[in-house]
Amino acid sequence: MRLGLLVSGGLGAEILIKIGEIHDIVFVFTDRLSSEIQDYANLHSIPIFVGNPRNESTSTFIKDKSIDVLVSVNYLYIIDNQLIGHPSKFAINIHGSLLPKYRGRTPHVWAIINNESETGITAHVIDEGCDTGPILEQIQVRIESEDTGNLILEKYKKLYFPILKDVLTKIESGSYQLTQQDDSLATYFGKRTPEDGQINWNWQRERIRNWVRAQAFPYPGAFCYLNGKKLIIDELVFVERGFHFDQPNGQIVSVNPILVKTPNGVVQLKQVRPFDQTIHIGDILN
């Protein structure tokens, strides 16, 4: 089939290369930082649009480039109706959740934070809403107790090409099935920034642990402050240690190892990023 690809980053480059071996890539849209995608497109003489597509130059770029399917994988930009309606069959996206749950940005991170036991990826038709189009196919992914946001993303990466290949095969043969999303079951989570990672030590320790592992290295990391200096935590575990209920949450109760009091138990800061300040028993993290 004739495809248009909307792709960004390393995952987008991998999809572009693999799908290009099976189908005819008519054009590519990407962002300015995705140099690998730009290099591949230029090497193979594939017309490429670099930058935000929500402007009038988009229609000029695509008007003489007919396609059967528009594919969006890890793309950074919101697309408008002229792109959605351009393919003769479908515009499709691969989303990192089991829709209709976790519509929106960084769904795998939110799934860990919310203590979900499973997540997954969904191939769905793109419509005017945010991740609201009919579902073509889904693959479930278990969230293990030690999984970080990055580990879940690595699991996803192994599944993106197989699900896309399968969906395109079904579209080409006409054997696909569309399942409408049940909006009454939908949840939506917004974009996260590094500044959103601050720990609230008044949370139950289970939520704090999920918060930490969801954002662990190489992500920006969950953090707190000690005397105004940022402390980034990449691993936190539960320990058996007594405490008094009226001790402040976030109080350091041991330095070696670093143990911190929470409302329902003590946790150990097992892995922290370099920190140029001495920690003392009785210090308060906030």
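The values are calculated or read from the model by the stated rules, or taken from the named source; none is laboratory data. Since the structure is predicted, the reported quantities are computational estimates derived from the model, not experimental observations. Neighbour counts are summed over all protein chains in view; Cβ atoms, including those assigned to glycine, are modelled from backbone coordinates with ideal geometry. Surface accessibility is based on the protein's heavy atoms, side chains included, excluding ligands, DNA and RNA. Shrake-Rupley method; radii C 1.70, N 1.55, O 1.52, S 1.80 Å.
Contact map, segment 213-240: residues that are within 16 Å of Ile112 (Cα to Cα) paired with residues that are of a type in the set (Phe, Trp, Tyr) and assigned to a loop (DSSP other than H, G, I, E, B), Cβ distance under 6 Å, separation 6+ or inter-chain. Pairs shown: Asp234/Phe217. Out of all the residues in segment 173-182, is one or more open to solvent by 20 Å² or more (accessible area, probe 1.4 Å), aliphatic (A, V, I, L, M) and within 30 Å of Ile22 (Cα to Cα)? Yes, there is a match, as at least one residue in segment 173-182 is open to solvent by 20 Å² or more (accessible area, probe 1.4 Å), aliphatic (A, V, I, L, M) and within 30 Å of Ile22 (Cα to Cα).
Looking across segment 243-286, the residues that are touching a strand residue (DSSP E or B) at 6+ places or on another chain (Cβ under 8 Å), open to solvent by 50 Å² or more (accessible area, probe 1.4 Å), assigned to a loop (DSSP other than H, G, I, E, B) and not aliphatic (A, V, I, L, M) come down to Phe243, Pro248, Pro257, Arg273, Asp276, His280, Asn286. Counting only residues that are under 21 Å from the mean Cα position of the chain (by Cα) and within 23 Å of Gln180 (Cβ to Cβ), segment 71-104 holds 19 of them. Of all residues in segment 60-79, those satisfying the criterion of being touching a residue at least 40 places away in the same chain (Cβ under 8 Å) and of a type in the set (Ser, Thr, Tyr) are Ser66, Ser72, Tyr75, Tyr77. Taking the numbered list (1) crowded, with 20+ Cβ neighbours inside 10 Å; (2) touching a strand residue (DSSP E or B) at 6+ places or on another chain (Cβ under 7 Å); (3) not acidic (Asp, Glu) in turn, Ile112 passes all entries but (2). Among the residues of segment 1-59, those that are touching a residue at least 60 places away in the same chain (Cβ under 8 Å) and not in a helix (DSSP H, G or I) comprise Met1, Arg2, Leu3, Gly4, Leu5, Leu6, Val7, Ser8, Ile22, His23. Is it the case, given these coordinates, that Ile94 is open to solvent by less than 50 Å² (accessible area, probe 1.4 Å), in a strand (DSSP E or B) and modelled with pLDDT of 95 or more? For Ile94, the condition - open to solvent by less than 50 Å² (accessible area, probe 1.4 Å), in a strand (DSSP E or B) and modelled with pLDDT of 95 or more - is met. State whether the residues of segment 153-167 include one that is open to solvent by less than 20 Å² (accessible area, probe 1.4 Å), farther than 16 Å from Val71 by Cα and either touching a strand residue (DSSP E or B) at 6+ places or on another chain (Cβ under 7 Å) or assigned to a helix (DSSP H, G or I) (or both). There is at least one residue in segment 153-167 that is open to solvent by less than 20 Å² (accessible area, probe 1.4 Å), farther than 16 Å from Val71 by Cα and either touching a strand residue (DSSP E or B) at 6+ places or on another chain (Cβ under 7 Å) or assigned to a helix (DSSP H, G or I) (or both). Of the set (1) under 20 Å from Asn264 (Cα atoms); (2) in contact with a helix residue (DSSP H, G or I) (Cβ under 7 Å, 6 or more places away or on another chain), all apply to Arg192 but (1). One residue alone among Asp234, Asp196, Asp283, Asp182 is modelled with pLDDT of 95 or more and within 30 Å of Asn93 (Cα to Cα), and that residue is Asp182.
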